[in-house]
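One structure below.
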Amino acid sequence: MKRPLHVVVLGGTSGMGRAVARALAQRGDRVFLLGIDEPELEKSAADLSVRGKAPVRWARCDLLEPSGFAPALERAHAELGGFDTVVVTAALFAGQDDLERDRKLAERLLTADFTNTVLFCEEAKERLLARGGGTLCVFSSVAGERGRKPVGIYGAAKAGLTRYLEALDHKHHAKGLRVVTVKPGFVKTAMTAHLPPPPFAGEPDDVASLVVGAIDLGLPVVYAPLAWGPIMAVIRGLPRFVMRRVGF
Ligand SMILES: NC(=O)c1ccc[n+]([C@@H]2O[C@H](COP(=O)([O-])OP(=O)(O)OC[C@H]3O[C@@H](n4cnc5c(N)ncnc54)[C@H](OP(=O)(O)O)[C@@H]3O)[C@@H](O)[C@H]2O)c1
């Protein structure tokens, strides 16, 4: 029988992070939650404790406060007796018009979704490598694949994150680090609740099954739902004049 994973999840109180944490706990993996909303962390941990085989604990970790990353991971290490897998789904989202209007909001989003996510991954990576490797699974986005009008700033943060994760994979694969980059298309969560769902909109539980499979296999990239893989292959190949004409 497979040894249970010891997993730290940053963002497990909502959307795809919650679905991934549930899928892992339900099959017997040990989970530790990181996030910002303490009552929600307590509620989510209680829910996972009932679904899983071991009590789930949590610690506060704010993507906008990088000084808290190391202590939060140390707490996770102590509570889990070491961890072999780190999942990062936490991020901010805002529409392009709002981000262009509000420079402070743009700064917060760029800091959380790029700079501080990278810094969190650096802390996590160090600890995984110190134990001989493990899995770092991070949610980027299809929005990072091309520059598009509605997601210019958010997409730029995710593009940078995707490139960083690719390089991390190249640099540390031989040392046993498996970097899994998840590129969701549109998935129905709190983040997208205010937007009309397009065709191929996904559900968090379906994404979670794909992500858990990718963690088990150590796949470097997973599009979720899967349909976004071929869709993005076409979009990546579109010449710029075509993108301009169709109003991307
Ligand atoms: N949904 C989509 O269509 C879609 C598409 C492409 C990529 N993605 C990416 O997929 C990932 C998961 O998205 P989702 O749709 O599941 O989003 P979600 O339901 O909004 O969940 C986002 C999570 O991030 C946490 N978070 C927000 N600010 C934080 C901070 N400063 N520090 C720590 N945690 C913070 C939230 O905690 P609180 O709830 O307590 O605020 C929540 O747990 C994100 O990286 C997102 O960019 C989503």
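FYI, it's all coordinate maths here, none of it is from the lab. Small disclaimer: the values here were computed from a predicted structure and weren't measured. Virtual Cβ from ideal backbone geometry, glycine too; neighbours counted across all protein chains shown.
Tell me, rounded to the nearest percent, the portion of alpha carbon pairs in the chain spaced more than 25 Å apart.
Summing the P(r) tail past 25 Å for the chain gives 40 percent.
Compute the Rg to Rh ratio over region 1-117 from the alpha carbon atoms, using the Kirkwood formula for Rh, and round to two decimal places.
On the way: Rg = 15.2 Å, Rh = 14.7 Å.
Over the Cα atoms of region 1-117, Rg/Rh equals 1.03.
Just to be sure I understand: with springs between alpha-carbon atoms less than 10 Å apart, which residue in V87, V182, V50 has the highest mean-square fluctuation in the Gaussian network model of the chain?
Among V87, V182, V50, the largest mean-square fluctuation in the Gaussian network model of the chain belongs to V50.
Around R57, which amide H atoms from residues at least 5 apart in sequence, or from another chain, sit under 5 Å from its own amide H, with H modelled in the peptide plane?
HN-HN under 5 Å from R57: L33.
At q = 0.11 Å⁻¹, what is the base-10 log of I(q)/I(0) for region 98-235 according to the Debye formula with one equal point scatterer per Cα and no solvent? Please give it to two decimals.
Log-scaled intensity ratios, in q order: -0.42.
Would you mind computing Rg(Cα) / (2.2 N^0.38 Å) for region 124-174, counting N as its residues?
1.36
Please identify, among V180, V151, V31, the residue showing maximal mean-square fluctuation in a Gaussian network model of the chain using a 10 angstrom Cα cutoff.
Highest fluctuation among the options: V151.
Residue-wise, which Karplus ³J(HN,Hα) couplings in Hz belong to region 24-39, taking 6.51 cos²θ - 1.76 cosθ + 1.60, θ = phi - 60°, and x for glycine or proline?
5, 4, 4, 8, x, 6, 8, 10, 10, 9, 10, x, 10, 8, 4, x
May I ask for the net charge around F32, where only other residues with Cβ less than 10 Å from the Cβ of F32 are counted and Lys, Arg are +1 while Asp, Glu are -1?
Counting the neighbours of F32, the net charge comes to +2.
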